Each structure stands twice: as structure tokens, then as C-alpha cells.
Amino acid sequence: MDSMPAFILKRPTSVAEAAALLAGDPQARLIAGGTDLIPNLRRGIERPPVLVDLGDVAGLDTISFTPDGTWIGAAVRLSRLAADASIGAAWPALAQAAGSVAGPGHRTVASVGGNLCLDTRCVFYNQSEWWRASNHYCLKRGGDTCHVAPQGARCHAAFSGDLAPALLVLDAEVELVSSRATRRIPLADLYRDDGAAHLTIARDEVLTRVWVPAAANGRASGYRKARARAAMDFPLAGVACSVAVGDDGSIRTLRVALTGTNSHPLVLAGTDALAGRIADDETLATLGKLVQKQVSPMRTTVTQSNYRRQVAAVLAQRLLQSLTQPADAPVA
């Protein structure tokens, strides 16, 4: 990696001030933990003239429990989220996802908001400046061709954040603050299926906190991921599930979301058809088919696309099986 490019560091003390700084300079970028942004700066992928550091903004690092749900600040560190006993008891998927991100050192500085707004990734994009220049850059930055799908007109870089699928199956919402207004939207609406511009957040908006409704508390949930190495790496595929099971062992409600396979975190469609069924071989086979039909991994990693497709399906099947079987039964 190259040395850091020159930039001006601004340190606002309020969300309003941070939003005003973003509005005043369209090229300014927010920075919290910086675990994703800093490597991109050193690779020459990003060259913002101004960085707006959220470290001095009070209140963004709080977790507030209420009877109706929980607010999780965007600056809450992933290590804290993974270790919080109340979070782990209510929403195991969220704690497991936070604990699976990168390595322990990264999690002590990486933030909730940063992971939700993680840049998309591709082996043709996340490279040094000289490497990208010698390959005529790519559609996402500096070029006019997506090397993953040269005949197409869109970028296929993959979204690889771990928190998004866990929060999606818990029906989470996010709060966005700008100098113009404050809005609250379903987390799913934060994303679009476009590797080059996967976030719907406006340039002058700050993601301030995440809302997880208490209605999600009664569901069993979990998160599993596959990666090239057991630590550090981004997911080749990651799956979150939340499921409510009746006294007879049948599925009442099921939500499944995936990461690492598409340009946005994917909420699996068609799971309502599994309601009323037990998680037997037939049900798991149906779930596997749903996953394989809807994920669209491309040549964005060192691993073959079809392998990632199959891994995503198997992860979903094993996770659902583990969440619906009796506590004393062996886990696959």
C-alpha cells in the first residue's frame, strides 16, 4: 500500500455540525473506525480532500433499551456489541455477526455504522493504484468496464458487511440525519443492487443510530459465514436467520438474509411458504433451492462463484436446522 494522501481532518462535536460539513463539501467523507476507509485511502481508491471524524460527537456510542425496542448508536464498537449480554440474549444473530467481523483488533475500533455502510468489494477493485492502472481500472472507479462482466453496463462488486443481514432479519430501521431533515427508514431501504453505488444515503446524511424492535425478541436467531480463512477475511457468503417455532416444532415465521453474494444484502424471498412446516429434509431442500436461485455471486473473489452459491445454501440449511431442533440435539 502507498502512504496516506493529504487531507484536512474536521472534528465536529455534533451531528448537525457533521452534516453541515458534508453539505459544504460534496467530496468530504465521514470516518469513524476507519477500518475500511483507511486501506482504500492507502490504495489510492479514495482521495477525499476532507475527512469528517465522528469521534467527538456525543451520543453516537450509546445503546438504549426501551420496552418497545433498542436504539444502537452508529459509533458503537463491534467488540462491545459482540460482548453485550443483553444483545446476545435477545438477538444472538446480531452478537454473532459482530463477533465474526475481521479480527479482535479491528472490532475494537470498527463501528456499527461503518459496517452497515461498508464499501462493496471486488478483486478487480480492492487493489493498489499501480495494479488497477495497469488493468485500465474498472467500472466502479476510473474505468468504463466491469472486469467481472465485461459485456454488461453495471458494477458487480459485492457487499460484504456482516451486521446488515443480522439486522435485516430482525426488522431493523436506521435513522439518517442531514442539515435538511431527519428520516427513519427500514434498513433494507438503505441499499440498492448496484455495486458502484449501493447506498441510498444522501451525500450530506449521517447514519446516527439503528432501531431494533422488541417484537424481534421472541425469535430464535443466528448468523453463520464462510470465508477463505477462519479469521480476518470478508465473507464469501454469510447468512442470518430469525425463526419463530410453534409448540409442535413447526415454523411460524422465518426470515433469511445473506451477505457477500450480491451487491446489496439480500433478504430471501419465498420463506413464507415454509410456514407451518417442520425443518425436515424436504423443508431444508426447499430453503437451499430458494437461496441458490436468488443469490448471484460473481467473480469478485478468489473463490469460484458456484462454490459461493452452494456454500450460501448449505449455511442457510444448517443454520435453520440448528435454530429449530431441540437444545439437547447435536448441531450439524
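Can you pull out the residues in segment 1-36 that are under 25 Å from the mean Cα position of the chain (by Cα) and part of a helix (DSSP H, G or I)? Result: VAL15, ALA18, ALA19, LEU22.
When the helices (runs of 4 or more DSSP H) confined to segment 99-196 are screened for residues that are open to solvent by less than 10 Å² (accessible area, probe 1.4 Å) and touching a Ser or Thr at 6+ places or on another chain (Cβ under 9 Å), those reaching at least 3 such residues are found at 163-168. The residue list ALA196, ALA231, ALA216, ALA166 contains one member that is out of contact with any Phe, Trp or Tyr (no Cβ under 8 Å at 6 or more places or on another chain), more than 25 Å from PRO48 (Cα to Cα) and not charged (D, E, K, R), which is ALA231. Residues that are over 19 Å from ALA97 (Cβ atoms) and at pLDDT 95 or above number at least 1 in the following strands (runs of 3 or more DSSP E) confined to segment 213-308: 237-245, 251-259. Applying the criterion of being charged (D, E, K, R) and under 26 Å from TRP71 (Cα atoms) to the residues of segment 205-254, the residue that is least open to solvent (accessible area, probe 1.4 Å) is GLU205. Consider segment 264-302 and keep the residues that are open to solvent by 30 Å² or more (accessible area, probe 1.4 Å) and hydroxyl-bearing (Ser, Thr, Tyr). The one that is farthest from the chain's Cα centre (by Cα) is THR286. All conditions in (1) open to solvent by 10 Å² or more (accessible area, probe 1.4 Å); (2) under 20 Å from the mean Cα position of the chain (by Cα); (3) touching a residue at least 60 places away in the same chain (Cβ under 8 Å) hold for ALA202, with the sole exception of (3). The set of residues in segment 143-173 being within 13 Å of the chain's Cα centre (by Cα) and under 21 Å from TRP91 (Cα atoms) consists of SER160, GLY161, ASP162, LEU163, ALA164, PRO165, ALA166, LEU167, LEU168, VAL169, ALA172. For SER322, the criteria (1) over 21 Å from TYR223 (Cβ atoms); (2) part of a helix (DSSP H, G or I) hold in every case but one, which is (1). Of the conditions (1) in contact with a helix residue (DSSP H, G or I) (Cβ under 9 Å, 6 or more places away or on another chain); (2) in contact (Cβ under 8 Å) with a residue 60 or more places away in the chain; (3) open to solvent by less than 30 Å² (accessible area, probe 1.4 Å), ALA19 satisfies every one except a single condition; which number is it? Only one criterion is unmet by ALA19, namely (1).
The values are calculated or read from the model by the stated rules, or taken from the named source; none is laboratory data. No experiment lies behind these values; they were computed from the predicted model shown. Quick reminder, even Gly has a Cβ in these numbers, built from the backbone with ideal geometry, and neighbours come from all protein chains shown. Areas reflect the complete protein model, heavy atoms only, side chains present, ligands, DNA and RNA absent. Shrake-Rupley method; radii C 1.70, N 1.55, O 1.52, S 1.80 Å.
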